[in-house]
1. Hey, quick one: spin label on N8, modelled 7 Å out along Cα-Cβ, who in segment 24-44 has an amide N within reach, i.e. under 14 Å?
2. For segment 1-68 and segment 89-149, compute the distance between their C-alpha centroids and round to whole Å.
3. Report the relative contact order of segment 1-88, percent, no decimals, based on alpha-carbon pairs under 8 angstrom and at least 6 residues apart.
4. Report, in listed order, any pair from K180/K241; K218/K238; K187/K232; K82/K187 with a Cα-Cα distance greater than 27 Å.
5. Give the accessible surface of the chain per residue, rounded to a whole number of Å², with probe radius 1.4 Å and ligands, DNA and RNA excluded.
6. Relative contact order of the chain: what whole-number percent is it, with Cα pairs under 8 angstrom and at least 6 residues apart?
7. Pulled fully out, how much extra length does the chain show between F146 and H65, if you take 0.36 nm times their separation in residues and subtract their Cα-Cα distance?
8. Could you list which residues have their amide H under 5 Å from that of Y225, counting only those 5 or more apart in sequence or on another chain, with H placed in the peptide plane?
Amino acid sequence: MSYRDYLNHERLPHKWCSGCGHGLCLSAIARACDAIGLDKNNAVTVSGIGCWSWADSYLDLNSLHTTHGRPIAFATGVKIAKPELTVLVTSGDGDAATIGGNHLIHAARRNVDITLIVSNNYIYGMTGGQYSSTTTTGAVTQTSSFGHVERPLDICAVAGAAGATYVARGICDNVLQNAKLIEGGMKHKGFALIELLSPCPTHYGRNNNLRRMSDGVKFLHANSYPAAAADKLSEEQKAGKFPVGKLVEIQGVDDYSSAYAGIIAKAREAM
Ligand code: SF4
Ligand code: MG
């Protein structure tokens, strides 16, 4: 097997624009599947709506393409009904953290054993370039022509605060590192979020002086620091920047399906 065996070659080449970061994120998922020797028949990718949601059809796994903002809710249902399945969710910032933000919080709180891979490009790409909850302050989008007034949501911080037991962040061009982060999330028993920062040159980039993919990637690297080196960096060096790498890993918390199985057993005994 190779990571290529986890791609659905009948659906390739993909539809993403030239310079879009989603292809690199897809490669990281396929490599993570290969690294753990994932059994294709016991795995499902659940997605919502958006450019990144096409990832489910490019992976050679079972797939469930759902509605805008709701893939985490559908994935929760799949996991409860069939706890033996490995459940991946591919969802963008608009899908997972704006329309579907409530589902994100509660899946993290419940420790549902799913692996959520958010490709965050700071914008609603497929629906035409409207701002999302992660759009940076001052950014020009289709719905903020004179600059965005809101402050962006930190998806990893929100998931961690809600109780997520595995949280990681990567930048899309670090494919091998991101594959390791996804592999860690898939092996983790409980809710795992991996946020991959990924430029959208077509909508975000062209309106914000980041026209080429390399501009977007350079911008992301210039505004980040390795989480593993956080203790060695001064507050001044970290100011205004975000950490990349593994941010949270908590073992030993019952995942939702296991906890629920215990309640079912108790109820049966009491009958
Ligand atoms: Fe990627 Fe943006 Fe094009 Fe969608 S619109 S495929 S997110 S570059
Ligand atoms: Mg988006």
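The values are calculated or read from the model by the stated rules, or taken from the named source; none is laboratory data. Just so we're clear, the structure is a prediction, and the values are computed from it rather than from any experiment. Positions of Cβ are backbone-derived with ideal geometry, glycine not excepted, and every protein chain shown enters the neighbour counts. Surface areas here come from the heavy atoms of the whole protein model, side chains and all, with no ligands, DNA or RNA. Shrake-Rupley method; radii C 1.70, N 1.55, O 1.52, S 1.80 Å.
1. The answer is 41, 43-44, whose backbone nitrogens lie closer than 14 Å to the label point.
2. 19
3. It comes to 30 percent, rounded to a whole number.
4. K187/K232
5. On a per-residue basis, 46 Å².
6. Relative contact order of the chain: 18 percent.
7. Additional length available on full extension: 25.7 nm.
8. F242, V244
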